[in-house]
Amino acid sequence: MKRFLTVITLLQMTLAGTLVAQVKPSIYLTGYTFSAQKKDVGVLKNGGDAKITHITLSGPDAAAFKINKGNVLTLRSNTVKPEVKWLDVDITAITAEAEIKESFRIVRDQFIHNKVVAHRGAWKNTGATENSIAALKHAIDMGCEGSEFDVHLSSDSVLFVNHDDSIQGLTIEKTPSQTLAAVKLSNGESLPTLKDYLLAGMNQNKTKLVLEIKASIISKERGIALTHKVMAMVRELKAEAWVDYISFDYDVCKEVIKLAPYAQSAYLKSDKAPAALAADHLTGLDYHFSIMQKNPGWFKEARAEKVSINVWTVNEEPLMDWLLNEKVDYITTNEPEMLLKKLNK
Ligand code: MG
C-alpha cells in the first residue's frame with residue numbers, strides 16, 4: 001500500500017511538474033515599455049520557484065540597459081534616440097536550478113490613449129475585409145488605441161485570424177493549415193496566420209493589438225491548448241508590449257494570467273461582476289453595452305476593483321456619449337471613424 005501511494009505521489013508530482021512547466025513562463029518581465037519619463041522597464045521574475053541569483057544582459061541593445069536592485073530592468077539613460085521605437089535585449093537568469101535565457105523587445109511607449117478599439121480592425125467604412133491585415137493597417141493609420149481580432153487553432157495546431165469558427169465552408173478547428181492557407185479573403189488577402197498578423201501590427205508602437213482567444217467548439221482542452229499556442233507565439237515574436245488578451249471563455253482568461261501574470265486579460269461574456277474578475281486576477285471586463293445598461297453599478301465597482309472597462313459593440317452616437325460620460329477605458333466599435341471624430345471635437 002505504501003509503495004502504491006509513493007507511486008501515486010510521484011505521478012502527481014510528475015503531473016504537477018508537467019503542468020507547471022506548461023503554464024509558467026521561464027522568465028518574464030512585469031512590463032515591456034519605456035519612455036523618456038519611465039526608465040524602469042519592469043522587474044525580471046522567474047516563473048518557477050527558484051530565486052534568481054544572477055542576471056546578465058547581452059544582445060544588440062544590451063548596452064542601453066542595466067539591472068537595478070530588485071532585478072529591475074532599467075534604461076541606463078533616457079537619451080535613446082527619439083526615432084528608436086524599440087530595443088532588443090537578451091537576458092540570462094541564473095537560479096539554483098537552471099540557467100534561463102530569453103530575448104525581449106522593449107518598446108518605446110507611444111501607445112495612444114483615446115479609448116477607440118476597432119472591432120475586427122477598421123473594415124466597415126474602409127472596404128477592407130474584417131479581421132484582414134488591411135483592416136488592422138487602417139485601424140493603425142487612423143490612430144485607434146487598439147485593434148481587435150479573433151484567433152482559432154487549425155486541426156494541426158496552426159493559429160489563424162478569423163471571426164467565425166468556419167470560413168468558406170471550412171471549420172477551422174477541423175481543417176489542416178495547408179488548406180486554410182489557401183483560403184482567400186474577399187479583398188484578395190490570404191487568410192492571415194496569427195504570426196503574419198502580429199508581425200504586421202509590430203511595425204509600429206501606437207496601436208495595441210487586442211487578441212481574442214476564441215473558445216474551442218471541440219473541447220475545453222483545445223481552448224486551453226489554443227491559449228498556450230497563442231502565448232508561445234507572442235513570446236517567440238517578443239510581442240508582449242503590443243498584445244492585450246480577451247476571451248468569452250473564463251478559463252482561458254485565467255490561463256492567460258497564469259502564463260503571463262502581468263498581461264492584460266479581459267472577460268467578454270458579460271456574466272460576472274467586476275469584483276469576481278478582480279478576485280481571479282483578471283485585469284478587465286469587456287462587456288456588451290446592454291449588460292452595462294442593466295448593471296449601471298458595475299462602472300463604479302470596476303473602478304473600485306481596478307478592473308478596466310471595455311464595452312462592445314458600440315456603433316451609435318448616443319451610446320458612445322453615454323460611455324464617454326461614464327469614463328470607460330475603451331469602446332469597441334465598428335465605427336472607429338465616428339468615435340474618433342467625436343473625440344477630436
Ligand atoms: Mg472578437
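Structure values in brief
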item: Criterion (farther than 20 Å from Leu268 by Cα, assigned to a loop (DSSP other than H, G, I, E, B) and among the aliphatic types (A, V, I, L, M)) met by exactly one of Ala232, Ala239; result: Ala239
item: Tally, over the stretch 125-178, of residues that are within 16 Å of the ligand (Cβ to nearest atom), free of Cβ contacts under 8 Å to residues at least 40 places away in the same chain and not aromatic (Phe, Trp, Tyr); result: 8
item: Pair list, Cβ under 7 Å, 6 or more apart: the stretch 267-278 residue free of Cβ contacts under 8 Å to residues at least 24 places away in the same chain, other residue among the aliphatic types (A, V, I, L, M); result: Tyr267/Leu277; Tyr267/Leu282; Tyr267/Leu285; Ser270/Ile291
item: The stretch 300-334, residues that are in contact (Cβ under 8 Å) with a residue 60 or more places away in the chain and within 21 Å of the chain's Cα centre (by Cα); result: Asn310, Trp312, Thr313, Val328, Asp329, Tyr330, Ile331, Thr332, Thr333, Asn334
item: Of all residues making up the stretch 75-105, the number that are closer than 21 Å to Glu236 by Cα and in contact with a Lys or Arg (Cβ under 9 Å, 6 or more places away or on another chain); result: 13
item: Complete set of residues in the stretch 242-268 that are of a type in the set (A, V, I, L, M, F, W, C), farther than 21 Å from Met202 by Cα and within 12 Å of the ligand (Cβ to nearest atom); result: Phe248, Ala266, Leu268
item: Test for Ile67: is it surrounded by 23 or more Cβ atoms within 10 Å (Cβ to Cβ) and not assigned by TED's automatic domain parsing to the domain that holds Leu209; result: no
item: Test: Lys195 is free of Cβ contacts under 8 Å to residues at least 60 places away in the same chain, closer than 20 Å to Trp86 by Cβ and either of a type outside the set (Gly, Ala, Ser) or assigned to a loop (DSSP other than H, G, I, E, B) (or both); result: yes
item: Residue in the stretch 105-128 that is closer than 19 Å to Leu180 by Cα and touching a Leu at 6+ places or on another chain (Cβ under 7 Å) present; result: no
item: Flag for Asp156 being touching a strand residue (DSSP E or B) at 6+ places or on another chain (Cβ under 9 Å), in the same structural domain as Ile140 (by TED's automatic domain parsing) and of a type in the set (Asp, Glu); result: no
item: In the stretch 300-328, the residues that are surrounded by fewer than 18 Cβ atoms within 10 Å (Cβ to Cβ) and hydrophobic (A, V, I, L, M, F, W, C); result: Ala304, Trp322, Leu324
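The values are calculated or read from the model by the stated rules, or taken from the named source; none is laboratory data. What you see is a predicted model; the values in this text were computed from it and never measured. Positions of Cβ are backbone-derived with ideal geometry, glycine not excepted, and every protein chain shown enters the neighbour counts.
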